[in-house]
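Novice: Dumping the structure here so I can ask a few things about it.
The numbers here are math on the coordinates, done by the rules we state, and not lab data. Keep in mind that this is a model prediction, so the values were computed, not measured. Cβ: placed from backbone, ideal geometry, glycine included. Neighbour counts: every protein chain shown.
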Amino acid sequence: MIVLGVETSCDETSAAIIKDNTVLSSIISSQEIHSQFGGVVPELASRAHIRLIVPIVEKALKESGLDPNDIDGLAVTKGPGLVGALLVGVNFIKGLSVSWQKPFVGVNHIEGHIYGNLLSQKSEIRFPIIFLIVSGGHTQIVLMRNHLQYEILGKTRDDAVGEAYDKGAKLLGLGYPGGPKIDILAKQGNPDFVKFPRALMNNDAFDFSYSGLKTALLVYLRDLHEKEKEIHLADICASYQKAAVEVLVKKTLLAAQKFGAKTIGIAGGVAANTLLRDWLKIECDQRKYELYLPDIVYCTDNAAMIARAGLEHLKRGKRDEQTLNAFPSLILQSFPNH
């Protein structure tokens with residue numbers, strides 16, 4: 001099955017074409033304008049999607065060497081995300097469906113991240129899988145028993161870990177997006193320089209909380225001389241990152257143990273974090289767990305992951321109607337047939 005996917009949930013405009021588990025083309029345009037504001041401006045994101053969506057899809061088609069007659073189905077992110085941005089993609093795909101006379105399906109963005117990981121795996125997928133979903137808007141642990149079958153075991157009670165990275169970087173004067181910058185600096189620092197709090201780490205539940213970590217950094221910096229911050233910037237980054245990641249690793253391993261899963265996967269933008277990947281790799285090797293790491297290109301928002309998730313739905317006969325809407329607060333749910 002050949003599927004064209006479109007992703008416009010936040011500040012990446014992306015189109016991709018896949019054939020089964022092979023990516024034929026993947027075009028991603030990241031909006032640079034938001035960096036000057038220290039975060040994504042929803043109205044600017046929507047306008048950029050409107051300008052970019054047609055040329056991006058045309059480029060994906062050209063790169064794949066296919067034409068509309070070769071496409072079997074269409075997939076688009078329907079939520080969660082910024083409602084204005086989502087509507088650009090949803091309405092575009094609905095129009096394309098009519099024009100090309102092709103079936104289409106709306107995909108949950110979180111589900112897309114999961115399939116971005118599975119798209120990276122070259123061997124047979126082994127279920128059940130404990131998935132750690134980590135991004136700017138989401139931090140949750142999901143038990144995936146089979147294709148399109150999910151159970152949310154726990155999630156953040158306040159801020160997502162990616163949000164903690166971005167706000168932490170802003171407090172440290174590192175700019176936006178903050179995750180990659182903290183990650184790079186942390187490699188040069190002492191992770192035990194500052195003892196930042198690990199909220200809920202010793203709680204047997206699978207929930208998270210990151211608002212306290214941000215506050216702890218704010219309080220620590222308030223009493224720190226600017227020269228000291230400059231000297232120990234790498235140490236502070238390393239300590240902050242260790243506090244953020246340690247809870248993720250411990251909770252993920254606890255979930256795998258409790259539910260008897262021998263496979264662990266991570267997905268979302270923070271899945272590109274080197275400490276998280278390395279720490280989980282060491283722990284999984286020790287416990288004889290299989291670790292599914294996504295290719296870095298499939299960590300951030302992209303349409304290949306949406307096409308891959310959409311393919312699973314289309315294979316099972318799911319079709320959406322022209323009444324499909326965007327859902328900015330959409331929750332991950334299992335496919336009805338499971």
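Novice: If each residue's Cβ is checked for other Cβ atoms within 10 Å, how do H225, H313 rank with the fewest at the top?
Specialist: H225, H313
Novice: Among F327, F104, which comes first, second and so on when ranked by fewest other beta-carbon atoms within 10 Å? Mind dumping the intermediate values first?
Specialist: Details: F327 18, F104 27.
Listed from fewest to most nearby Cβ atoms, that is F327, F104.
Novice: Say we join alpha carbon atoms closer than 10 Å with springs in a Gaussian network model of the chain; which of R157, R222, R145 then has the biggest fluctuation?
Specialist: So, out of R157, R222, R145, the one fluctuating most is R222.
Novice: So how strong a dipole does segment 126-293 carry about its Cα centre when Lys and Arg Cβ are +1 and Asp and Glu Cβ are -1, to the nearest 20 debye?
Specialist: 380
Novice: Something else now. For D223 and A205 in the same chain, what is the full-extension length gain: residue separation times 0.36 nm, less their Cα-Cα distance, in nm?
Specialist: Length difference between fully extended and current span is 3.1 nm.
Novice: What translational diffusion coefficient, in µm²/s and rounded to a whole number, does the Stokes-Einstein relation yield for segment 39-139 at 10 °C and a viscosity of 1.306 mPa s, taking the hydrodynamic radius as the Kirkwood radius over Cα pairs? Walk me through the numbers before you get to the answer.
Specialist: Working: Rh = 15.7 Å.
Answer, rounded: 101 µm²/s.
Novice: Which order do the peptides 111-124, 272-285 come out in when sorted by mean C-beta neighbours inside 10 angstrom, highest first?
Specialist: Highest mean packing first, the order is 111-124, 272-285.
Novice: Kirkwood hydrodynamic radius, computed over distinct alpha-carbon pairs, for segment 142-196: how many Å, to one decimal?
Specialist: The answer is 13.6 Å.
Novice: I'd like to know which of C237, L248, I282 lies farthest towards the positive end of the charge dipole of segment 126-293, counting +1 on Cβ of Lys and Arg and -1 on Cβ of Asp and Glu.
Specialist: The residue sitting farthest along the positive end of the dipole is I282.
Novice: Something else: Taking the square root of 5 times each eigenvalue of the Cα gyration tensor, what semi-axes in Å does the equivalent ellipsoid of segment 126-293 have, largest first?
Specialist: Working: eigenvalues 173, 45, 36 Å².
Over the Cα atoms of segment 126-293, the ellipsoid semi-axes are 29, 15, 13 Å.
Novice: What helices in the chain pass both tests, a Cα length along the helix axis of 27 Å or more and a mean Kyte hydropathy of -1.0 or higher, using whole DSSP H runs? Don't skip to the end; give the middle numbers.
Specialist: On the way: long enough: 42-64 (31 Å, 0.15); 233-259 (40 Å, 0.59).
In the chain, the long hydrophobic H runs are 42-64, 233-259.
Novice: Taking N as the number of residues in segment 285-338, what is its alpha-carbon radius of gyration divided by 2.2 N^0.38 Å?
Specialist: Against the compact-globule rule of thumb, the ratio is 1.54.
Novice: Same structure, new question: Hey, what D do you get for the chain in µm²/s if you plug the Kirkwood alpha-carbon radius into Stokes-Einstein at 10 °C and 1.306 mPa s? Mind dumping the intermediate values first?
Specialist: On the way: Rh = 20.5 Å.
Estimated via Stokes-Einstein, D reaches 78 µm²/s.
Novice: Based on the Cβ-Cβ distance of F193 and Q257, what FRET efficiency does E = 1/(1 + (r/R0)^6) give at R0 = 25 Å, to the nearest 0.05?
Specialist: Plugging the Cβ-Cβ distance into 1/(1 + (r/R0)^6) gives 0.20.
Novice: Ok, one more. Per q in 0.13 1/Å, what log10 I(q)/I(0) does a Debye calculation on the alpha-carbon atoms of segment 151-229 return?
Specialist: Log10 of I(q)/I(0), two decimals: -0.45.
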